[in-house]
Amino acid sequence: MEIRPHFEVRVALAPAAAFERVSSYLASPASDITGWVHGLYAELALQPEARHMWCPRLAVHVCDEDADGTTLTCRLQPEPAVWTAYMAVWAVVVVTTMLVIGLGISQLLRGQAPYALWYGVPGAGLAAVAAYGSALFGQRLSEHEVDLLTSALSNALDLPPITTAAGASPTERA
């Protein structure tokens, strides 16, 4: 499973027309989604009062354009502050793992028992599994919000419900 899932949407519009529709949808009073469009890039999010820490944003940009229309790449991503914190956790896990391995190797070279390797490496592995698991847990919590965002995009572009290449909605799990 991806930490930041993505999918593609094919529209029978020029890129500028597609993003103009998204902009118009976001500006309409009936929209319960907020966001912004800049050139050929857009981000959709829930209204601030409806957001939780685990609520994603939907980033949309042009992947490919031809005479028949445009392919948009859509990525579900966390709020920037949440993503920064998540990457900081991974940085701590990686740096700690490197320090533990260095300490363990130095213990081996000194003829000591490599306690750092025995305890530190499995501990770092557990921390990595916990970090990855927290991302998957956040995705499970945000399934409803993902449905709202993808529905908003499909409504803005007059598309049927959005599905992935495997035929499932972005929130359905195998």
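What to note about this one:
- Failed item, numbered, when VAL121 is tested on (1) exposed (fewer than 13 other Cβ atoms within 10 Å of the Cβ); (2) more than 14 Å from ILE3 (Cα to Cα): (1)
- Breaking point among (1) of a type in the set (A, V, I, L, M); (2) surrounded by 15 or more Cβ atoms within 10 Å (Cβ to Cβ); (3) more than 24 Å from SER24 (Cα to Cα), for LEU149: (3)
- When ALA27, ALA16, ALA81, ALA50 are checked against the criterion of being modelled with pLDDT of 90 or more and within 22 Å of the chain's Cα centre (by Cα), a single residue qualifies: ALA81.
- Screening region 56-85 for residues that are touching a Pro at 6+ places or on another chain (Cβ under 7 Å) and not aliphatic (A, V, I, L, M) and picking the one that is nearest to LEU149 (Cα to Cα) gives PRO56.
- Verdict on THR96 being among the hydroxyl-bearing types (Ser, Thr, Tyr), assigned to a strand (DSSP E or B), touching a residue at least 12 places away in the same chain (Cβ under 8 Å) and surrounded by fewer than 16 Cβ atoms within 10 Å (Cβ to Cβ): no
- When restricted to residues that are free of Cβ contacts under 8 Å to residues at least 60 places away in the same chain, of a type in the set (D, E, K, R) and out of contact with any Lys or Arg (no Cβ under 9 Å at 6 or more places or on another chain), region 6-50 contains 2.
- Among the residues of region 111-141, the ones that are among the charged types (D, E, K, R) and more than 20 Å from the chain's Cα centre (by Cα) come to 0 in all.
- Residues in region 40-75 that are aliphatic (A, V, I, L, M) and part of a strand (DSSP E or B): ALA42, LEU44, ALA45, LEU46, LEU58, ALA59, VAL60, VAL62, LEU72.
- Candidates ALA135, ALA130 - the one that is surrounded by 15 or more Cβ atoms within 10 Å (Cβ to Cβ) and either assigned to a helix (DSSP H, G or I) or modelled with pLDDT of 95 or more (or both): ALA135
- Every residue from region 1-39 that is assigned to a loop (DSSP other than H, G, I, E, B), closer than 26 Å to ASP66 by Cβ and touching a helix residue (DSSP H, G or I) at 6+ places or on another chain (Cβ under 9 Å): PRO5, LEU13, GLY39
- When residues of region 42-74 are limited to those that are over 15 Å from ALA135 (Cα atoms) and of a type in the set (D, E, K, R), the one surrounded by the fewest Cβ atoms within 10 Å (Cβ to Cβ): GLU49
The values are calculated or read from the model by the stated rules, or taken from the named source; none is laboratory data. Just so we're clear, the structure is a prediction, and the values are computed from it rather than from any experiment. Because the Cβ atoms are built from the backbone with ideal geometry, glycine has one as well, and the counts that use them run over all protein chains shown.
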